[in-house]
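K.L.:
Sharing a structure with you now.
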Amino acid sequence: MSGGGGGSAAATAEGQELQLPPGFRFHPTDDELVMHYLCRRCAGLPIAVPIIAEVDLYKHDPWQLPRMALYGEKEWYFFSPRDRKYPNGSRPNRAAATGYWKATGADKPVGKPRPVAIKKALVFYSGKAPKGDKTNWIMHEYRLADVDRSARKNSLRLDDWVLCRIYNKKGGVEKPSGGDGDLAKASHGMQAASAGSPPEQKPPVMPPPYAPPMFSELQAAYYDVRPSDSMPRVHADSSCCSEHVLTTSASCGGERSEVQSQPKISEWERTFAAAADAGGDPLLQDILMYWGKPF
């Protein structure tokens, strides 16, 4: 630990003020934090100067912690319990008030030649995992090594005490940007701006350019489509192109009639053949002779 600064006073957990010497600054090394503070607290031994507060860090956001500390200007120290994420597991629960702490980097052993504690670095994310927003709040967590952490009956406690150093990389205690309050203010400002501005004019929707129908479509419409049931329609018989039947709807009140505009060729042949057998006109016989010849 090193000294510096003027005389200062810090409030203890019992509400009393610590009388610190002039120039005091609390900047312990990793070994000093473990040997003189964490080990003594876990063993229930008294600490010469109770300058580290006991707070459950995972019930608060990091920007709320500086005012709970007994001492600190740019970094703050706490003794905190640590719970399990699952009843029978060994993973710690890193969820906090409005976010979560996420481990970063590799663990660092503290103490030589045999490690006494393990140092872990964590970063605070605001929001729900795993899509939280990264903040500038950093935690250095010191936990004892080689400690029995077997599950306890009806308890989620993983460690009674770990020692934590909290600080902000930018040196402030501000909240992370983009919180709920900021979003509400932004949405309110957008609504106010939209209320004072004229409504947005949408461009008129122009109809698509006219495209003439294909010849096949016109042909299908001519033979198959009828605009009304009350209008007559013409049917073409595929077996004989010379026969046309005109049909009128029964809704018009008239009876259906069929008009043959032209008799079939076979019937002409039978008529001329009968006339020729009866000794008819020679000219008619010549017509029947050349009837089947191609032109």
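K.L.:
At Lys170 and Glu75, where each label point lies 7 Å from the Cα along Cα→Cβ, what is the point-to-point distance in nanometres?
P.N.:
Calculated label separation equals 2.0 nm.
K.L.:
Here is a follow-up. Based on other C-beta atoms within 10 Å, arrange Ile47, Ile138 from fewest to most.
P.N.:
With the fewest neighbours first, Ile47, Ile138 line up as Ile47, Ile138.
K.L.:
Obtain the nm distance between the two label points defined at Thr104 and Thr29 by a simple spin-label model: each point lies 7 Å from its Cα along the Cα-to-C-beta direction.
P.N.:
Placing both labels 7 Å beyond Cα along the Cβ direction yields 2.6 nm.
K.L.:
Taking the Cα centroid of the stretch 150-168 and of the stretch 49-73, what is the distance between the two, rounded to the nearest whole Å?
P.N.:
The stretch 150-168 and the stretch 49-73 have Cα centres separated by 16 Å.
K.L.:
Then there is this: So if I place +1 on the C-beta of Lys and Arg and -1 on the C-beta of Asp and Glu, and nothing else carries charge, what would the dipole magnitude of the stretch 2-176 be about its Cα centre? I want it in debye, nearest 20.
P.N.:
Details: 29 positive and 19 negative charges, 175 e Å.
The dipole of the stretch 2-176 has a size of about 840 debye.
K.L.:
Taking the beta-carbon count within 10 Å as an exposure proxy, list Tyr100, Tyr86 from fewest neighbours to most.
P.N.:
Numbers: Tyr100 20, Tyr86 10.
Ranking Tyr100, Tyr86 by Cβ neighbours within 10 Å, fewest first, gives Tyr86, Tyr100.
K.L.:
In whole Hz and in residue order, list the ³J(HN,Hα) couplings for the stretch 86-100 that follow from phi through the Karplus curve 6.51 cos²θ - 1.76 cosθ + 1.60, θ = phi - 60°; x for Gly and Pro.
P.N.:
10, x, 10, x, 10, 6, x, 8, 9, 6, 10, 5, 10, x, 7
K.L.:
Follow-up. Please arrange Thr104, Thr98 by counting, for each residue, the other beta carbons lying within 10 Å of its beta carbon, fewest first. It would help to have the intermediate numbers written out before the result.
P.N.:
Numbers: Thr104 12, Thr98 18.
Fewest-to-most ranking of Thr104, Thr98: Thr104, Thr98.
K.L.:
A further question on this structure: Multiplying the sequence separation of Arg91 and Lys153 by 0.36 nm and subtracting their Cα-Cα distance, what value in nm do you get? Walk me through the intermediate numbers first.
P.N.:
Numbers: separation 62, 0.36 × 62 = 22.32 nm, distance 1.65 nm.
20.7 nm is the gain from fully extending Arg91 to Lys153.
Just so you know, all these numbers are worked out from the coordinates, no wet-lab data involved. This structure is a prediction, so every number in the text was calculated from the model and none was measured. Cβ sites come from the backbone with ideal geometry, for glycine too, and all protein chains shown count toward neighbours.
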